[in-house]
Every structure is written in C-alpha cells, then in structure tokens.
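Okay, handing you the structure first.
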Amino acid sequence: MKEDQQQQPQPPLHHHRRRVAAFTHKNFTKPTAYLILLLLSYAFGYLSSPSSTSHHHHHQHPSPLPPTIPQSTLSDTTVFAADKDHYRFTTQCADPVPSKLVRQTILDRVFNGTSPYDNFPPAHASTLLRRKRIKGWGSYGAVFENLIRKVKPKTIIEVGTFLGASAIHMAELASGLGLKTQIVCIDDFRGWPGFRDRFRDIKMVNGDVLLLYQFMQNVVQSNATESVLYVPFATGSGLEKLCQWGVFGDLIEVDAGHDFHSAWSDINRAYKLLRPGGVIFGHDYLTSADNKGVRRAVNMFARVKGLRVQLDGQHWVIDSA
Ligand SMILES: C[S@@+](CC[C@H](N)C(=O)[O-])C[C@H]1O[C@@H](n2cnc3c(N)ncnc32)[C@H](O)[C@@H]1O
C-alpha cells in the first residue's frame, strides 16, 4: 500500500484553522470575510442558546448580556465596589430590647417561655453524659478577662460554643467581677465532620453526637444556668433572628467556622448586633486554615468598615468605640 493511500491521522485543529484562513484569504476580501464570520458566529450562538430550543421562552425578550470585562483590567477594589452583594447582610434589626429582658426574650422565642435546664438531664440521656467534659481552644486566654474588665458587658453573644469552655469561663469572670452578665451562645452543637475522632468519649446515639446535652451538663455542673443561655441553630439563622428580636451584645465573640466565607458571614452578621461602643473579637486570627481564612475575613471587614484590628494573643479584637 502506498503511503498516501494509508489512512492518515486527523490533522490537529489548527491545521483546519490554517485552511479556513487560506480559503478566506483567497476568495474574499478581508471585510467580507469578517462579516461572514460575524454572521456565522451570531447564528451559531443563537441556535445553540437554550431559549432558541425552548418554545416556552420564545415570548420572553432576551435581556442583554453585560459586557465581559477582562479580569486583568480590574483591581480588587473595582471588583468589590462593583459587586455589592457580598456586603449586603439583610435587614434592619429591631430596636434593642433592654439588657434585663434579653434572657426572657430568648426563653420566649426559643423555648416556649420555659428554661431548657428544667429537669435536665432527661432520664434517657443522664447515663450517657460525662459529669463534666470541657475542652476548648484558647478559651482561657487573657483576652476574655481584658475585655470583660474593660467593657463590663451586660450581654455577651458568643458565636461558636462547642462544650462551653469559653462561655463558662466568661460567666465565671463576669460573676467574679460582680457583673450580672447574660451570655447568649449560638451553636448548632453538631461540631464538625470528624470531630469525634478526637472526642470518642462523647457518646453518639442514632447519629446524634450529644454535644448539646454535654454542653448543658457542663453549664449545670458549673452553676452557670442563670447566666448562660443558648440558641441552638446555625450561626446564619441564629444571628439573623437575634437581629429581628432586638437582642444586642456589648461584647461579641466569633469562634464558629474558621474558613473565610463562614468567618466573613459571621462577623458581618454579628457586628450588626453590637451595641454602640461595644467590642467584637474572635479566636484563631493566626490559624492557617483555609489559607488564613479568619484573618482574611477580619482584615477585609475592618478595611471595608474603616476599623482597626488589634491582637490579643491569638485573638483579634475590633473595638467600635
Ligand atoms: C472552635 S468551636 C468553639 C469553641 C468555643 N468558643 C470555646 O472556646 O470553647 C466551634 C463551634 O462552632 C460551631 N459551628 C461551626 N459552624 C457553625 C455554624 N455554621 N452554625 C452553628 N454552629 C457552628 C461548631 O459546632 C463548634 O461547636
């Protein structure tokens, strides 16, 4: 078999392009060729668009597409300014309820007006709980005492509580300073996927990791049931509800998800709940998780709001005063 009769491999795509180019060059003047190419690509784009195949959409007027801006020409600031959705964190909050009504507001809104600590623990759980099982991270850092002494908070909101180490520590600090402080903890009490690898002694029942009950048990054993109350929901919806109910904090600690997007959302939502002159702070400014996600979120927040970030150990602090 002659070489040229053998089946030749398909030429790569750019060979086709070269042929098309050669063809257009020979047979058309440049403007004509461009016009034809333009018409072809328009027709091809139209035919392949979803609305062209869907009768349902035929009556609709297609909205013009925004021009594509090459990313390289945009600075970060331009992108931020253009895309305000990242900065929109809902609603006006309700007028603040007086500090002395914060506890009752949570009891009414979340627990039908009763205390969740009444008759705790229930019989089915009592043998499953440890008498007191507390573990936290940086939960006893100097920042807690520094800020409680400085702010003398009537209400503290904690975003991310786990077994209650930092919440109970703050309750003890406040009562040691003679303050009557209500601490409102927001946590879904699910931990995070895989947390039980390090907490095997915390029982799991039908997939429920009993974090909420062990936290409550810790609060009961620490005699802190009057000062520590909780909102057992996701931080997004929990903070949103506090805003709607008018529950504000003089001091707010953010220590839930440590990836950028969780931290960004939590900080923005929590800041709305800060009383004028209050302080918001959080752990793990120095962690490398999510490419320093907490630090990126805190810094961006401070930049956008024109606030200053201070460090106290591993905690970041933003003082709104
Ligand atoms: C680092 S631990 C909090 C530790 C606590 N502040 C201390 O020092 O003892 C983080 C907690 O945030 C909670 N958490 C994380 N993401 C959450 C979310 N989106 N909604 C509710 N809770 C969340 C987890 O369940 C976990 O208990």
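Can you find a residue that is crowded, with 21+ Cβ neighbours inside 10 Å and outside any strand (DSSP E or B) anywhere in segment 308-316?
no
Residues checked against (1) loosely packed, with under 12 Cβ neighbours inside 10 Å; (2) touching a helix residue (DSSP H, G or I) at 6+ places or on another chain (Cβ under 7 Å); (3) not acidic (Asp, Glu):
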residue: Ala165; (1), (2), (3): no, no, yes
residue: Ala174; (1), (2), (3): no, yes, yes
residue: Lys180; (1), (2), (3): yes, no, yes
residue: Phe189; (1), (2), (3): no, yes, yes
residue: Pro193; (1), (2), (3): yes, no, yes
residue: Arg200; (1), (2), (3): yes, no, yes
residue: Asn206; (1), (2), (3): yes, no, yes
residue: Val209; (1), (2), (3): no, yes, yes
residue: Leu212; (1), (2), (3): no, no, yes
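Output the number of residues of segment 153-174 satisfying the condition of being away from the ligand (no atom under 12 Å from the Cβ) and out of contact with any strand residue (DSSP E or B) (no Cβ under 7 Å at 6 or more places or on another chain).
The qualifying residues number 3.
Which members of segment 195-207 meet the condition of being away from the ligand (no atom under 13 Å from the Cβ) and either closer than 16 Å to Gly257 by Cβ or assigned to a loop (DSSP other than H, G, I, E, B) (or both)?
If the condition is that a residue be away from the ligand (no atom under 13 Å from the Cβ) and either closer than 16 Å to Gly257 by Cβ or assigned to a loop (DSSP other than H, G, I, E, B) (or both), then Arg200, Asp201, Lys203, Met204, Asn206, Gly207 are the ones that fit.
Residues in segment 225-247: is at least one surrounded by fewer than 21 Cβ atoms within 10 Å (Cβ to Cβ), within 13 Å of the ligand (Cβ to nearest atom) and under 19 Å from Gly138 (Cα atoms)?
Within segment 225-247, not a single residue is surrounded by fewer than 21 Cβ atoms within 10 Å (Cβ to Cβ), within 13 Å of the ligand (Cβ to nearest atom) and under 19 Å from Gly138 (Cα atoms).
May I ask you to list the residues in segment 226-263 that are of a type in the set (Asp, Glu) and assigned to a strand (DSSP E or B)?
Result: Asp250, Glu253.
A further question follows. How many residues are touching a Leu at 6+ places or on another chain (Cβ under 8 Å), among the aliphatic types (A, V, I, L, M) and within 15 Å of Pro116 (Cα to Cα) if we restrict to segment 212-255?
Matching residues across segment 212-255 total 2.
Within segment 181-194, can one find any residue that is within 12 Å of the ligand (Cβ to nearest atom), free of Cβ contacts under 8 Å to residues at least 60 places away in the same chain and outside any loop (DSSP other than H, G, I, E, B)?
Checking segment 181-194: at least one residue is within 12 Å of the ligand (Cβ to nearest atom), free of Cβ contacts under 8 Å to residues at least 60 places away in the same chain and outside any loop (DSSP other than H, G, I, E, B).
For the condition among the charged types (D, E, K, R), under 19 Å from Phe199 (Cβ atoms) and more than 14 Å from the ligand (Cβ to nearest atom), what is the one hit in Arg130, Arg149?
Arg130
I've got another one for you. Is it true that Asp319 is in contact with a strand residue (DSSP E or B) (Cβ under 8 Å, 6 or more places away or on another chain) and in contact (Cβ under 8 Å) with a residue 60 or more places away in the chain?
no
Throughout, read-outs are computed from the coordinates displayed, never taken from laboratory work. Just so you know, these numbers come straight off a predicted model, no measurement behind them. A quick note on method: Cβ atoms are made from the backbone with ideal geometry, for glycine too, and the neighbour counts reach across all protein chains shown.
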